[in-house]
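Every read-out reported here was derived from the displayed coordinates using simple, explicitly stated rules and does not represent laboratory data. From a predicted model like this one, the values you see are computed outputs, not experimental measurements. Don't worry about glycine lacking a Cβ; one is built from the backbone with ideal geometry, like all the others, and counts go over all protein chains shown.
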Amino acid sequence: MGIAASTIWLGLAAPAIAAQVTEDAVPSLLPITATATTPDLRDAAPRAGQDLPQLTGEPEVSEDIAPSAPVTAPESAAAETSAAEQARLKLTVGIRARFDVRFDDARLSGDPYTSTHLSFDTLILTLNYDSPTLFGAAEYRFYGGNFIYSRANGFDGYPGEVSFPSFAYAGVKLTPQDKVTVGFQSVPFDERYWGSSWYNTLGFVYGLEEVYNVGISASHSDGPLDLTAGYFPTTGPAGFGISRDSARYSVNIVRADPYVPDATDNTERDMFVGRIRYRLATSEEGALMLAGSAWASRVRNYDTDRDGSRRAYAVSLRDTRRPLQLRLLAARQAINPRNLGRDDLIAVGDYDSSYNIAARSTMLLGEVSRNVDTGAFPFTVNLYGSYTHMLKDDAGFADTQRINLGAYWNDKASQRIKIWSEFLIGRNDPYVGAGQFVSGAAQGGDDRWKTSFLIMAGYFF
């Protein structure tokens, strides 16, 4: 990533349209994320430890990476040649650097202070294939060698020490309206990305947003109506790192690491997930889209050899018809982990670290965003702001909240330079402020508002 320099001067802007780390007395982390339906370049940062924030964001290919192109049956050698010429295989390499300001960090002694970090973030390899009838994509990521994956958090501290696949799938376009996808792919629970943030929303923290699992899905589009359903017998594979089960990109139910209090030992199986989207209105600028999703699965407990369950539902409204775009979303999740002890929380993990979330909660999200005319300035800019509130069922659990103000910059000339910047204000948010990581999304942290700022710069070629 030789873009670290370009990252600093953009200190006050932030990531945007398409998409979506603090040292601590205990490990810290941050996820990073993206938004898009073709390669998008957001991504998440690692977390290695017991008590630190994370960032998310993912660059890449999208589950919808395959455009709905008509399927044609060549009638001649010329037609076959033409179809073959339309097939394309593309390798994208992305390198990212990051600049972090953590206003509510803490020393090992517990004393608060503001920390700043300029460091390497990620190496991303993405392979995409598309033709009139077939499509596919795969991505692998390398982390390590920065302040998040430090020796203080149990790592050796070299780039590539933590690595894992993001996705790997293939599919066929049966008709212009129908396609089937098989492999390690995005789960169709609402949109792939719920907002514009590099960090994603709190939905990512709770394992509902931008989740990738192994299975088969089918989709059908008919005018304003779009239907997608899938069966996923298992979660995606873990990669390489020091955690027990959390070297993975998306947040999954996992076998917790020893530092997690009330550590649970679970995995998720036999996931049935479906989504319905309906276009209520359209214009030249965009559409008004209503969506509803459902998720039902089996949660296997290794401590008790019993099966619990997970049930989740979401409804969203998205309006992209005007310069000022709006998104509203509500989601409900109820998990019965069948633990040996308490059933009001369960361990999840990603980026080589694990933490607890509340087993039962309801999320409310609102976001506004706007593309800004930059004239002769060499970057396009998208500004956005969002508020997310996770209301937990258990009376003793403090709610988790997040305010996110950001911008996304993309160079007009080559579209190879992507820069995100975000200012986050969080309460009991694992991604914001020291002391929140392990339990912030479950019982809560110290129940105080905390802040952090991130600039992420990447070059993709």
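When only the Cβ of Lys, Arg, Asp and Glu is charged (+1, +1, -1, -1), the dipole of segment 233-353 relative to its Cα centre reaches about 600 debye.
Between ARG416 and VAL180, what length comes free when the chain is fully extended (0.36 nm per residue of separation minus the Cα-Cα distance, one decimal in nm)?
Numbers: separation 236, 0.36 × 236 = 84.96 nm, distance 3.08 nm.
Stretched fully, the ARG416-VAL180 segment lengthens by 81.9 nm.
Centre-to-centre separation between the Cα atoms of segment 410-436 and those of segment 353-386: 9 Å.
3J(HN,Hα) couplings calculated from phi for segment 189-202 with the Karplus curve 6.51 cos²θ - 1.76 cosθ + 1.60 (θ = phi - 60°) are, in sequence order, 10, 6, 6, 4, 10, 8, x, 9, 5, 4, 6, 6, 10, 5 Hz; Gly and Pro show x.
Could you tell me which trypsin sites (Lys or Arg not before Pro) in segment 402-455 are loop residues by DSSP with no more than 13 other beta carbons within 10 angstrom of their beta carbon? Let's see the in-between values first.
Working: sites: ARG402, LYS412, ARG416, LYS418, ARG427, ARG448, LYS450; in loops: LYS412, ARG416, ARG448.
Qualifying residues, ordered by number: LYS412, ARG448.
Where does each of 194-204, 122-132 land if you order them by average Cβ count within 10 Å, highest first? Mind dumping the intermediate values first?
Working: 194-204: 31.8, 122-132: 20.2.
So the peptides 194-204, 122-132, ranked by packing, come out 194-204, 122-132.
Just report the Cα centroid separation between segment 306-341 and segment 227-265, whole Å. Centre-to-centre distance over Cα atoms comes out at 18 Å. 3J(HN,Hα) along segment 451-461, derived from phi through the Karplus expression 6.51 cos²θ - 1.76 cosθ + 1.60 where θ = phi - 60°, amounts to 10, 7, 9, 9, 10, 10, 10, x, 10, 10, 9 Hz, with x in place of Gly and Pro.
If packing is taken as the average number of other Cβ atoms within 10 Å across a peptide's residues, how do 101-114, 388-401 rank, most packed first?
Values: 101-114: 15.5, 388-401: 17.9.
By packing density, highest mean first, the sequence is 388-401, 101-114.
Kindly state, to the nearest 0.05, the FRET efficiency for ALA287 paired with ALA229, given R0 = 22 Å and r defined as their beta-carbon distance. If you can, show how the numbers build up before the last one.
Details: r = 22 Å, r/R0 = 0.99.
So the FRET efficiency works out to roughly 0.50.
Using the Karplus relation 6.51 cos²θ - 1.76 cosθ + 1.60 with θ = phi - 60°, the per-residue 3J(HN,Hα) values for segment 348-358 come to 10, x, 6, 6, 6, 8, 10, 7, 9, 10, 5 Hz, with x marking Gly and Pro. Over segment 371-461, Cα pairs under 8 Å with separation of 6+ residues give a relative contact order of 24 percent.
Report the FRET efficiency, 1/(1 + (r/R0)^6), for LEU317 and THR451, where r is their Cβ-Cβ distance and R0 is 35 Å, rounded to 0.05. Write down the numbers at each step before the final one.
On the way: r = 29 Å, r/R0 = 0.84.
Taking R0 as 35 Å, the efficiency between LEU317 and THR451 is 0.75.
Shape annotation for segment 98-188: C-alpha extents along the principal axes are 62, 24, 19 Å, from largest to smallest.
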